[in-house]
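The values are calculated or read from the model by the stated rules, or taken from the named source; none is laboratory data. Model, not experiment: these values are computed from the prediction. Positions of Cβ are generated from backbone atoms using ideal geometry, with glycine treated the same way; all protein chains shown enter the neighbour counts. Remember, those area values only see protein heavy atoms, side chains included, never the ligands or the DNA or RNA. Shrake-Rupley method; radii C 1.70, N 1.55, O 1.52, S 1.80 Å.
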Amino acid sequence: MDSEIKIVEGVRNAPIFPLLSGRLPIDEDRVVITYGNTIYLNHKESITHDLFVHESVHCKQQGYNEAGASNWWDDYLHDDSFRLEQELEAYRAQYAFLKRHIKDRNKLFLQLRRLSIDLSSQMYGNIIGQMEALQEIRKG
């Protein structure tokens with residue numbers, strides 16, 4: 001795993017948590033928040049390799065620093081098209097990782113379906129339909 005990225009327990013410790021929880025629905029048992037070069041989650045041992053890949057993309061998008069994170073989050077919370085663009089990049093990277101590691105086509109499709117359900121959920125403000133999310137993730 002990338003050495004410049006830190007993993008911290010406690011999503012409420014993320015600097016953006018108060019703003020995020022006021023803007024989008026938060027399930028603290030499932031949510032993972034990336035801020036700068038830090039990934040916040042409630043159970044440190046629960047981050048899978050593919051989820052780490054996803055969150056690493058967000059670290060890169062934010063420039064691995066707090067100043068970049070602050071600007072990124074401002075756009076993320078107020079611009080649905082920006083949020084979709086950023087999440088698609090992360091979900092595509094996550095799916096590419098899964099494609100390299102899952103050789104069974106049926107199991108891989110189930111993972112793709114899971115990702116598309118997540119991306120099309122309320123968690124992201126219902127910014128894309130589930131079938132479109134599946135197709136867009138697959139394109140990457």
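If you go through region 102-140 and pick out every residue that is of a type in the set (Val, Ile, Thr) and part of a loop (DSSP other than H, G, I, E, B), you end up with 3. Counting only residues that are out of contact with any Leu (no Cβ under 8 Å at 6 or more places or on another chain) and under 15 Å from ASP75 (Cα atoms), which one in region 23-58 is most open to solvent (accessible area, probe 1.4 Å)? Among those residues, the one meeting the criterion is TYR35.
Checked against the criterion of being open to solvent by 70 Å² or more (accessible area, probe 1.4 Å), out of contact with any Pro (no Cβ under 6 Å at 6 or more places or on another chain) and either within 18 Å of ASP27 (Cβ to Cβ) or not charged (D, E, K, R) (or both), region 78-88 contains one or more residues that satisfy it.
Of all residues in region 40-55, those that are assigned to a loop (DSSP other than H, G, I, E, B) and at pLDDT below 95 have Cβ atoms under 9 Å from Cβ atoms of residues that are open to solvent by 40 Å² or more (accessible area, probe 1.4 Å) and not aliphatic (A, V, I, L, M), 6 or more apart or on another chain, in ASN42/GLU9; ASN42/ARG12; ASN42/GLU28; ASN42/ASP29; ASN42/ARG30; HIS43/GLU9; HIS43/ASP29.
Contact map, region 76-104: residues that are under 14 Å from HIS58 (Cβ atoms) paired with residues that are of a type in the set (Lys, Arg) and surrounded by fewer than 16 Cβ atoms within 10 Å (Cβ to Cβ), Cβ distance under 7 Å, separation 6+ or inter-chain. Pairs shown: LEU77/ARG23. On inspection, THR34 qualifies as of a type in the set (Val, Ile, Thr) and within 23 Å of TYR95 (Cβ to Cβ). Considering region 1-22, the residues that are within 20 Å of ASN126 (Cβ to Cβ) and among the aliphatic types (A, V, I, L, M) include one that is surrounded by the fewest Cβ atoms within 10 Å (Cβ to Cβ), namely LEU19.
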